[in-house]
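To start, the structure itself, in structure tokens.
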Amino acid sequence: MTRICTFVGLIVPLLLVAGCAKSDTSPQASPPGNANAPASQASEPENSSIQPDASQEEVSELAQDIAIGLPGPAWENLTGIDDQQHSLKDLSAANAVAVVFTCNHCPVAEAYEDRLVQLAKDYKDKGVELVAINVNNLEADKLPAMKERAAAKGFDFQYLYDPSQEIGRAYSATVTPHVFLLDKDRKVVYMGAIDDNQDTAAVTKHHLRDAIDAVLAGQTPATATTQQFGCSIQYD
């Protein structure tokens, strides 16, 4: 804090004819970070679906080699909520595999849990496997908490944990949820958001469902990429 005082004239008795002005040059304190908040909380309405993904610094550390038409990176021996080891090769009979990077603590990911449960049910008899993968190492996201969440929500699909975070980096996953759809040949045919709004009632475009329907019909998804939104993945 500085005080600048201006005195004008030397009249006896000395008269102060200019007041004092104050200026604050101390920097504003930044609010503490919140690992539980969606990435764009500061600039978007509470239920907005338009939220940016992870920071450029986080993205630059990822593999950056995932692309439409390339084989989806294969995971091996990831522990699931059933305490069994799971690999992509175990799903060789599936017509498509929807890989969803998600977690427990993120409110955006939580908002999509019921939709994922319903999607898995709707496509189970069509040879589509939904695989949820969590790579966050926060206490709220570790395997014991994953088991509790899966039991509470009735997850009827694989929910896998990768504390090494290698598979998340291999897919260049940036937020939860972030989805990658693999076709029969396990090539990436769609990646991005599950749909266009965190609020179920406001959804107008069902990106993942449309892409799955296209694959099952032997077609290429009309929209191959969309902007993912959610909470930044907490890479170590």
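The values are calculated or read from the model by the stated rules, or taken from the named source; none is laboratory data. Note that this is a predicted model, so its numbers are computed, not measured. Cβ sites come from the backbone with ideal geometry, for glycine too, and all protein chains shown count toward neighbours.
Can you pull out the strands (runs of 3 or more DSSP E) entirely within region 155-236 that have at least 1 residues that are among the basic types (K, R) and surrounded by fewer than 22 Cβ atoms within 10 Å (Cβ to Cβ)? Can you show your working first?
Working: elements: 158-161, 178-182, 188-192.
In region 155-236, no matching strands (runs of 3 or more DSSP E) lie anywhere.
What is the one condition in (1) assigned to a loop (DSSP other than H, G, I, E, B); (2) β-branched (V, I, T); (3) closer than 18 Å to K147 by Cβ that V100 does not satisfy? Of (1) assigned to a loop (DSSP other than H, G, I, E, B); (2) β-branched (V, I, T); (3) closer than 18 Å to K147 by Cβ, only one is false for V100: (1). Residues of region 108-126 include none that is under 20 Å from W75 (Cα atoms) and either of a type in the set (D, E) or not in a helix (DSSP H, G or I) (or both). Listed by first and then second residue, the pairs linking a residue in region 116-143 that is over 23 Å from D199 (Cβ atoms) to a residue that is modelled with pLDDT under 95 and hydrophobic (A, V, I, L, M, F, W, C), with Cβ atoms under 7 Å apart and 6 or more places separating them unless they lie on different chains, are L138/A35.
Quick check on region 144-170: of everything there that is of a type in the set (S, T, N, Q) and either free of Cβ contacts under 8 Å to residues at least 40 places away in the same chain or out of contact with any strand residue (DSSP E or B) (no Cβ under 7 Å at 6 or more places or on another chain) (or both), which residue is nearest to V189 (Cα to Cα)?
Start the filter on region 144-170 by keeping residues that are of a type in the set (S, T, N, Q), which leaves 158, 164-165.
This time we only want the ones that are either free of Cβ contacts under 8 Å to residues at least 40 places away in the same chain or out of contact with any strand residue (DSSP E or B) (no Cβ under 7 Å at 6 or more places or on another chain) (or both), so: 164-165.
Working: S164: 26, Q165: 23 Å.
Step by step, filter region 144-170, then rank; the result is Q165.
In region 72-87, the residues that are modelled with pLDDT of 95 or more form Cβ pairs under 6 Å with partners that are of a type in the set (A, V, I, L, M, F, W, C) and surrounded by fewer than 19 Cβ atoms within 10 Å (Cβ to Cβ), at six or more places apart or across chains, as follows: P73/A170.
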